[in-house]
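All remarks here apply to the structure that follows.
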Amino acid sequence: MEHTQHLYRTEDDLKNFCIRVHLSKVSHGGRMAGSNTHQQEAESYIFSWQKKAFSQREYEFYGDAYNCTSALESRYSRDIARLRQEGGRQNGRLFCYIEGDQPNIPAELCGSPNVVEPSQSEPTFASRYFSSSAIRRRRPPRKQLLAGVGDEEPVLERPTVEERLAHRVPTPPLQSMYIMADLTHSVEGIDIWEEHLLCLIQVDDGGAVSVKPDFNSGQTPYRIETRNRDVYEYRLHQVMEPVPPEHIDQEKNLQEEIYRRKAEQLHNLVGTQFADPPEGGALSVVLLGEIVSAQGFEYNDIYVTAQLQLPEFWEVSGDQELSVVTQISRTKSKHLYNVANFNCPFEYDLIYHNITTIEDDLAHWPCVLMEVCSLDSWDRHRVEGYGHLPLPSSPGVHEVEVGTWRPSGTPVVDTLRRFFVGGASRLREMSYISKPSDFEGRHLSKYGFQTESSGTVDFRFNIIHQSSSSVQRFQSEQLNHAISRHGGLRTSLAATLDVFQRARQKAASVAATLNY
Amino acid sequence: MAEVHVIGELVGASEFPSGDLFCKWSASHGSGWRLLEGAREGQTQTDHPQDGSFSKWSHPIDLHFGTKGLQGWPKLSFQVFHEDFFGRHELYGYGFVTVPTTPGIHDVSCVTWRPVGSHRQQFSSFFLGGSPELTSDSLIHSCHDRQHLRTQAMGRVHLRLMIILRHLSHFGVEVS
């Protein structure tokens, strides 16, 4: 079977698909039909997608309920009963087979018109193709391929383009509809049954609509010739109404409405509340720390004790303990070092109360003191190192590697004691790591204290700051941004507002110190 | 009223004793937070690396949080398992990461550990497989009772996270 088919893509519902077929008889047994008969024999009908139009034969057959066995046939029977009440069927020669029918269409009747009348107008691609296909069909029919039938050739030596396409790509499920013409004619009082396929419409899952032959409104009509040499012409018109603009608008509005409601719902879920910054100009610092790992220490099974040291004006919210002890981690070797993984959280909510002096007095920032110890198989703890780390003062993500040291006594004796007895020298007080608690002088000197460098500990910090001065800064930035959009006002107004902001900040800071 | 978007992927795992790993992940957060959209937890496929020891998962993570405060910043915790030739699953590592607090693209790596059992347990797991596991998954991302735990260093889990923050600066929050 060779046809031209034309593929259309649709996003619309297929029930809106309409095709109008106009069939007319042009000659009767080889003689040109008279104008009167021409009028009489012409017929036009609009088919909708998968909407059954009965032929006279089907009308009689399904009209008898005894012939109907399947569900579809009983439905047809009911439809015909209803049609009879309404005064018979509307269509004449034109009818269709829909999905579920089993049209028994002989291959030679499938589709293509036999004759194309030479015409003044340029023949279309379809008509040229049809004419060539008509010629080709006069050759002896090619052997049909049927699997499992004895002497049939199982190999297709020269597949056509369509066969190739059909074999290469997966065939999606199709829904078909056959538009037919019932060209039964009577010869000497005997009805000779003859049906011609006018158009085959197939729709696949992907929404591709194939119409073969293609619509030809305004072009040369397709012709068919019956067995008693009656010639019919038909045209296929696409009569789907375009979607009215108000429907498009309506759909667009509906989509916007859906989106808006969804956004609104999300907005309601989020709410408008948020924790206010601490009062009195204080700075809130959220410290999301993690003791990541330790490497390069002498012995195995190590743990870290980290302690947060808070200077004056700092406090920790809630009753969090200021020291954290990690688990005891066995090391694994990585490159040249032994690495112990801790992945231990080190998290505090801190408040700094004296933010007005923050620029003058950076020494008052908290720091972390830590002690790394190892545990041996006799449950003896020995000091592996001490370290000190000032907390990063800027918000953001920080990854810090801290070097450690441990006190060393007499070189050989100390090493032997560490190995055989455990223990070894340790600091009496943790605060000695940074600045001894009883230190009050101006110069911190640790001269005379012997240490040995040890491994390193990795920390990761996520730090967030929140303060009321940031709110003000944000608001003034917003204001400046708004002003900068209006270029002309910029110089005078921006300068004025800047002065005003500075004055306001000054007033606020004075008020804060008075309150304190 | 502030919102935090966490979009990214669980890239893979490296430095583990062997490949054939899969990972179970979940997000946890404080009471002031709310997961508005996205799946709170998931599990990757088992990846058998053809060369090297980097198991690639490329598992998507897409979370949208709303929050009323900074406390309880979300964390992602991971449990890495090894699937052996017989289809048995052995715990290979626990780990967590804090969702980065600065907006932008972050390549985060998370070190993992697993509990070590007694000598008897180690002997049996050498021949029969299996490994001790935590009774409660909440210990993965908390520091309580860690000192009673004896662990072993395992590999790393790699993540790529894209962070988008919304409205945080309205409330005087500085993140970078």
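Structure data summary
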| item | result |
| --- | --- |
| Centre separation in Å (Cα based) which lies between the stretch B:97-176 and the stretch B:15-91 | 10 |
| Number of partner chain Cβ atoms within 10 Å, mean per residue of A:322-329 | 6 |
| Distant-in-sequence amide H partners of A:Glu452 (H built 1.01 Å from N, under 5 Å) | A:Arg406, A:Ser408 |
| Positive-end residue, the stretch B:4-48 charge dipole about Cα centroid, Cβ charges, pick of B:Ile7, B:Cys23, B:Thr44 | B:Ile7 |
| Reference-scaled alpha-carbon Rg (2.2 N^0.38 Å with N residues) for the protein assembly as shown | 1.60 |
| Computed label-point distance, nm, for sites B:Ser31 and A:Arg380 using a 7 Å Cα→Cβ extension | 4.8 |
| Tensor-based shape of chain B (alpha-carbon gyration tensor, a/c under 1.5 rounded, otherwise prolate or oblate) | prolate |
| Distant-in-sequence amide H partners of B:Ile61 (H built 1.01 Å from N, under 5 Å) | B:Gly8, B:Glu9, B:Leu10 |
| Per-residue SASA entry for A:Ile258, accessible area with 1.4 Å probe, Å² rounded to 10 | 100 |
| Per-pair calculated FRET efficiency, R0 = 30 Å: A:Asp12 and A:Tyr259 via Cβ, rounded to 0.05 | 0.85 |
| The protein assembly as shown, helix-only ellipticity at 222 nm - DSSP H runs n ≥ 4, -39,500 (n - 2.57), divided by all residues, nearest 500 | -6500 deg cm²/dmol |
| Net charge over other residues, Cβ less than 11 angstrom from the Cβ of A:Gly271 (K, R count +1; D, E count -1) | +1 |
| B:Arg114 long-range amide H proximity, modeled H, under 5 Å | B:Tyr94, B:Gln152, B:Met154 |
| Overall form of the stretch A:202-246 per C-alpha gyration tensor (a/c, 1.5; a/b vs b/c) | oblate |
| Label point distance in nm, A:Arg428-A:His237, each placed 7 Å from Cα along Cα→Cβ | 11.1 |
| Summed side-chain charge close to B:Phe126 - residues other than B:Phe126 whose Cβ falls under 12 Å, Lys, Arg +1, Asp, Glu -1 | 0 |
| Whole-Hz ³J(HN,Hα) from phi, Karplus 6.51 cos²θ - 1.76 cosθ + 1.60, for the stretch A:368-380, glycine and proline x | 10, 9, 9, 10, 9, 10, 10, 10, 9, 6, 9, 6, 9 |
| Value of relative contact order over the stretch A:156-313, rounded to a whole percent, pairs C-alpha under 8 Å and six or more apart | 10 |
| Rough spin-label spacing in nm, given labels placed 7 Å along Cα→Cβ, for A:Glu315 and B:Phe85 | 6.4 |
| Per-residue average of Cβ from other chains inside 10 Å of A:276-287 | 2 |
| Cβ-placed point charges (K, R +1; D, E -1), dipole of the stretch A:156-311 about Cα centre in debye, nearest 20 | 300 |
| Those GluC sites (Glu not before Pro) in the stretch B:62-158 that DSSP places in a loop and that have at most 15 other beta carbons within 10 Å | B:Glu133 |
| Cα gyration tensor shape of the stretch A:381-449, rounded if a/c is under 1.5, else prolate or oblate by comparing a/b with b/c | oblate |
| The stretch A:211-223 - phi-based ³J(HN,Hα) in whole Hz, Karplus 6.51/-1.76/1.60, Gly and Pro as x | 10, 9, x, 6, 4, 9, 5, x, 10, 4, x, 6, 10 |
| Neighbouring partner chain Cβ atoms per residue of A:297-310, average, 10 Å criterion | 1 |
| For the stretch B:100-115, Karplus couplings with θ = phi - 60° (6.51, -1.76, 1.60), whole Hz, Gly/Pro x | x, 8, 9, x, x, 9, 10, 9, 10, 10, 10, 7, 10, 9, 9, x |
| Highest to lowest packing among A:434-447, B:44-57, scored as the average C-beta count within 10 Å | B:44-57, A:434-447 |
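The values are calculated or read from the model by the stated rules, or taken from the named source; none is laboratory data. Everything quoted here is computed from the prediction, not taken from an experiment. Ideal geometry is used to build each Cβ from the backbone, glycine not excepted, and the neighbour counts take in all protein chains shown. The protein model used for the area step is the full one, side chains on, heavy atoms only, and it has no ligands, DNA or RNA in it. Shrake-Rupley method; radii C 1.70, N 1.55, O 1.52, S 1.80 Å.
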